[in-house]
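The values are calculated or read from the model by the stated rules, or taken from the named source; none is laboratory data. Since we're looking at a predicted model, the values are computed, not measured. All Cβ positions, glycine included, derive from the backbone under ideal geometry; neighbour counts span all protein chains shown.
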């Protein structure tokens, strides 16, 4: 039996990051990653396999870090964890561990829709050969229906349309696509963008059945409408893969993930968990959070990897930072939207600023940027923000996240010292985050009169 100081089960965003972090913090320890995949996909890049990229082989996490950082790699299926004897058993070997980190990820959520097992109906699995098979079958289809209007749904639908499929439709049960992630005005802009690119949208629509013989032929909505479908893609979220943890007797939480504390320790002090397989608590009030994102996974992995031989880090809770882009339109969110904040019970004041990300605005690359900030009305503390614009929206949302995490107030953001340049930023006079904070302060002062 081989003996290892730290074993990480799972080699995607959480597992690899946990291994790298453990190596940086414990340079003399023997570290081993066990994963079942020969090749590991970049999770957030999966939609682009179907249009922008040639195939799954262009969307892989490189393995160079293993050799570069002296991290062992074993390809195999983990069959059991023997907590008493501290042994991990795979389909081909056994490994003794001192500390164990679980980064087993998630499964696609499967809706209870009659007909979901028909041929031509696909969940979005993180499997190279499986996705390559979908890509090949897309060459022969005319009608594709995507069930779910969240990030996965809208991004995959746009990429499939880009590949040349004639009719692509998105079915979303809520009033708007992305409504769980953005305030309504941002959702409407993205819907208009999707429709301008030839995507058919059916919002406020429930799928009651997936129809056909062995092969899918159509989808029926609650209002009786039938939509032709040679292929159906299920894009409705993910659930924790906690199977190993359950078998090992670890505590499982409300959302089906592995229960962890803020140091990412499980109910076994020698076992840590991070990423989609782990339970999460919100930064806002500490309630359970169902968010599962690669950015959250890597944060948790940096906590788990640093803590295996002594607690040095704790997660502050899940803020929730995400973005999406279709064509030239990008949206980003950090923290709570106005709708979310009100649902949490906060008394809020929001403010919007629209400006151009170059100065003067006629310069090449100039784009209109809309920033909406949401503050707790009494303290002025930032709860979250949203961005609409071009690719620069990505780093703007990350800046907003830093402000949220540090519980900055509108006054502190208004006093933010920024660096600007005509070719790469907005004017210092029209700097979006600062001016949105100033607009919120004006509302707060008016409310006190």
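A few comments on the model shown:
- Failed item in (1) in contact with a strand residue (DSSP E or B) (Cβ under 9 Å, 6 or more places away or on another chain); (2) more than 24 Å from residue 182 (Cβ to Cβ); (3) modelled with pLDDT of 95 or more, with residue 317 passing the rest: (2)
- The condition of being at pLDDT 95 or above, surrounded by fewer than 20 Cβ atoms within 10 Å (Cβ to Cβ), outside any strand (DSSP E or B) and outside the structural domain of residue 160 (by TED's automatic domain parsing) holds for only one of 79, 98, 67, that being 67.
- Filtering region 196-226 to residues that are farther than 18 Å from residue 117 by Cα and touching a strand residue (DSSP E or B) at 6+ places or on another chain (Cβ under 6 Å) leaves 199, 200, 201, 202, 203, 205, 222, 226.
- Where helices (runs of 4 or more DSSP H) fall wholly inside region 342-449, the ranges with 3 or more residues that are farther than 20 Å from residue 285 by Cβ and at pLDDT below 95 are 432-448.
- Scanning region 27-44 for residues that are in a loop (DSSP other than H, G, I, E, B) and touching a helix residue (DSSP H, G or I) at 6+ places or on another chain (Cβ under 9 Å) gives 29, 37, 38, 39, 40, 42.
- Enumeration of residues in region 232-251 that are surrounded by fewer than 18 Cβ atoms within 10 Å (Cβ to Cβ) and touching a strand residue (DSSP E or B) at 6+ places or on another chain (Cβ under 7 Å): 239, 246, 247
- Evaluation of residue 171 against (1) over 24 Å from residue 372 (Cβ atoms); (2) within 20 Å of the chain's Cα centre (by Cα) (one fails), failing number: (2)
Residues are listed down the side, and each one gets a yes or a no for (1) closer than 30 Å to residue 156 by Cβ; (2) free of Cβ contacts under 8 Å to residues at least 60 places away in the same chain; (3) touching a helix residue (DSSP H, G or I) at 6+ places or on another chain (Cβ under 8 Å):
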{"residue": "268", "(1), (2), (3)": "no, no, no"}
{"residue": "288", "(1), (2), (3)": "yes, yes, no"}
{"residue": "306", "(1), (2), (3)": "no, no, yes"}
{"residue": "312", "(1), (2), (3)": "no, no, yes"}
{"residue": "321", "(1), (2), (3)": "yes, no, yes"}
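- Selection of first residues in region 348-369 that are at positive phi and of second residues that are part of a strand (DSSP E or B) and modelled with pLDDT of 95 or more, restricted to Cβ pairs under 9 Å at least 6 apart or on distinct chains, gives an empty result.
- Residue in region 288-297 that is in the same structural domain as residue 81 (by TED's automatic domain parsing) and crowded, with 24+ Cβ neighbours inside 10 Å present: yes
- Qualifying position, being over 23 Å from residue 98 (Cα atoms) and not assigned by TED's automatic domain parsing to the domain that holds residue 198, among 323, 224, 213: 323
- Those residues of region 129-157 which are farther than 17 Å from residue 106 by Cβ, in a helix (DSSP H, G or I) and over 18 Å from the mean Cα position of the chain (by Cα), in sequence order: 129, 132, 133, 134, 135, 136, 137, 138
- Checklist (1) assigned to a helix (DSSP H, G or I); (2) in contact (Cβ under 8 Å) with a residue 24 or more places away in the chain; (3) surrounded by fewer than 17 Cβ atoms within 10 Å (Cβ to Cβ) applied to residue 209, failing item: (1)
- Test: residue in region 365-376 that is surrounded by 15 or more Cβ atoms within 10 Å (Cβ to Cβ), farther than 21 Å from residue 425 by Cα and touching a helix residue (DSSP H, G or I) at 6+ places or on another chain (Cβ under 7 Å): yes
- Residues satisfying the stated conditions in region 385-423, i.e. surrounded by fewer than 16 Cβ atoms within 10 Å (Cβ to Cβ), closer than 29 Å to residue 188 by Cα and either without any contact (Cβ under 8 Å) to a residue 40 or more places away in the chain or outside the structural domain of residue 355 (by TED's automatic domain parsing) (or both): 395, 402
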